[in-house]
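In what follows, a structure is listed as structure tokens, so that the remarks can point back to it.
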Amino acid sequence: MIYREQGVVLRTYRLGEADRIIVFMTESRGKVRAVVKGVRKTKSRFGARLEPMSHVALMLYEGRSLDTVTQADVLDHFRTVREDLDRFSKAQSVLEAVDSIAQEGQANPRLYQMLVGALRSLAAADSPLLVGAFFWKLLALEGYQPLLDRCASCGSEDADALAGFDAEMGGAVCRSCRRGPAVVGVNAASLALMRRVFGGGLADALREPASPAVREVTGLATTALEHYLERRMKSVSVGGVVSRS
């Protein structure tokens, strides 16, 4: 069966002498793995259209184990992001996070929309908070939204007493509960910025310049996502995109 789809290339890897397997995050089929025949040949008609980050309109033939790409037209190549090392590193972190969360054959249109929106936002402006905010919103989509208005351990509603973050407990903790190897310190400015990300002020938060609070929020987001995934993020470790708290 032949079908049409839109998707973002998450990653690629070689298959045989001339083929390549492309992993897409698609609009209506979730994560899809598809083979592109002869793409590594000099005269391949696909050329650079199926590189990671490309937003493409596809025609695919559905196979038993792997689909086959028969047509690909670029909707957005995100050239501004590709030509800037800092933005490119951020995009790699976003792609890896989506690849880690998305499930093959399970539609997740919200995740697809978030991915395209993040890449467009990154193309428009190099926000220092984009990766951290994306990680937090991704976790919220998975049902892991941190508790930020009271202590996640004892339940104290004294917001002024919150002084740490515990990924295992799933939120901020007060000074009395700030103990254990999983707890990292967090200041009031960082908690306020996180509340803006979750409270409808994302667009405004993304305009924040680089600051200790932005770095801390991004580091906490990375820690929380890695705890959820139970593994380290390669793009963060290699690219140095964020600093963990």
Say we join alpha carbon atoms closer than 10 Å with springs in a Gaussian network model of the chain; which of Arg150, Arg33, Arg231 then has the biggest fluctuation? Arg231
With charges set only on the Cβ (+1 for Lys and Arg, -1 for Asp and Glu), what does the dipole of the chain come to about its Cα centre, in debye to the nearest 20? 800 debye
Convex hull volume per residue in cubic angstrom - Cα atoms of the stretch 129-245: 96 Å³
Once both labels are modelled 7 Å past Cα along the beta-carbon direction, what's the Arg14-Ala125 spacing in nm? 4.2 nm
Among Asp149, Asp126, which comes first, then next, by fewest other beta-carbon atoms within 10 Å? Asp149, Asp126
Taking Cα pairs closer than 8 Å and at least 6 residues apart, the relative contact order of the stretch 129-245 in percent is 26 percent
Long-range amide H partners of Thr70 with built H, under 5 Å: Met59, Leu60, Tyr61
Against the rule of thumb 2.2 N^0.38 Å, how large the Cα Rg of the stretch 1-126 comes out: 1.00
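Quick one: work out Rg over Rh on the C-alpha atoms of the chain, Rh as Kirkwood radius.
The Rg/Rh ratio comes out at 1.03.
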Hey, with R₀ at 30 Å, roughly what FRET efficiency would Cys154 and Glu230 work out to, going by the Cβ-Cβ distance, to 0.05? 0.70
With the contact rule set at Cα under 8 Å and sequence spacing of 6 or more, what percent relative contact order holds for the chain? 16 percent
Fewest-first ordering of Leu147, Leu138, Leu206 by Cβ atoms within 10 Å yields Leu147, Leu206, Leu138
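A short reminder: the numbers here are calculations on the coordinates, not readings from a lab. Quick caveat: nothing in here was measured; it's all calculated off a predicted structure. A quick note on method: Cβ atoms are made from the backbone with ideal geometry, for glycine too, and the neighbour counts reach across all protein chains shown.
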